[in-house]
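Student: Next up is a structure, given as structure tokens.
Every number here is computed from the coordinates shown, using simple stated rules; none is lab data. The model shown is predicted, which means the values in this text are computed figures rather than measured ones. Cβ: placed from backbone, ideal geometry, glycine included. Neighbour counts: every protein chain shown.
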């Protein structure tokens, strides 16, 4: 998230690069085809601005201050969020190797890089790519979600979950040799027909998990309480796995994703 003023500055800079005349930037940008706009848009997230009627405050600060609508919240993600992204980067020509792993750590975490490499040593993972994907899953996804859940739980009822089916459908088309795991968006076939069609290769255990998840989601939509789930109190979330992997039960996200380390170094 960025302030509205910074967002405007980014837009004006992009308009200048594309030859838009001063005073007519918005009209000019709207007339450009998508392929002309894409090279000047570094990240789809860079345009999420606060300081507007829709989003008046920086979201993390609003959570810390309790300045948000106090309604029940169903909040979670997938256990291996980073796997698909790291695999996709490799397919695009940016693989993670033992040689560039320290450089990636240094670029991401600066003076904390050595501590992060001790916490996530290459020797603990099947490949450098999986090590980096785990760092991304923990630091960029799981721990910020946990911290936000704790902030919200101070003011309203929160139901925290983590989708953790290690044999979930390979929704991101991760190639052989890299474990897709419970990658980003891999829970969607359990809840929705994608493209108007059900996912056709779920096992019987996964279909049972899908039924349980749909029960939880629909009961939350109807009553504000997912069927059979405890409210989050700052510690454990609900882990969503098929019965053959242990079934639905509690998970300590703090421990599972090294959130104490990340909170102490980079939060």
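Student: Where does helix 204-223 land angle-wise versus the long Cα axis of the chain, in degrees 0 to 90, nearest 10?
Tutor: For helix 204-223, the angle is close to 70 degrees.
Student: Which order do 207, 262, 199 fall in if you start with the one that has the fewest other Cβ atoms within 10 Å?
Tutor: Taking fewest neighbouring Cβ atoms as first place, the list is 207, 199, 262.
Student: For the chain, take the longest principal axis of its alpha carbons; what is the angle in degrees between that and the long axis of helix 82-91, to the nearest 10 within 0 to 90?
Tutor: 50 degrees
Student: For n ≥ 4 DSSP H runs only, could you compute -39500 (n - 2.57) per run for the chain, divide by its residues and tell me the 222 nm figure to the nearest 500?
Tutor: -11500 deg cm²/dmol
Student: By count of other Cβ within 10 Å, fewest leading, how are 71, 171, 214 ordered?
Tutor: In order of increasing Cβ crowding within 10 Å: 71, 214, 171.
Student: Considering only the chain, what is the antiparallel percent among its DSSP beta bridges, to the nearest 5?
Tutor: Of all bridge pairs located within the chain, approximately 30 percent are antiparallel.
Student: Does anyone have the angle between helix 4-17 and the longest principal axis of the chain? Alpha-carbon axes, 0 to 90°, nearest 10?
Tutor: 60 degrees
Student: Still on this structure, please answer the following. Test of understanding: ordering 219, 123 by Cβ neighbours within 10 Å, fewest first, what list do you get?
Tutor: Lowest to highest Cβ neighbour count: 123, 219.
Student: Same structure again: Order 237-248, 98-109 from most to least packed using the mean count of other Cβ atoms within 10 Å.
Tutor: Most protected by this proxy first, the peptides run 237-248, 98-109.
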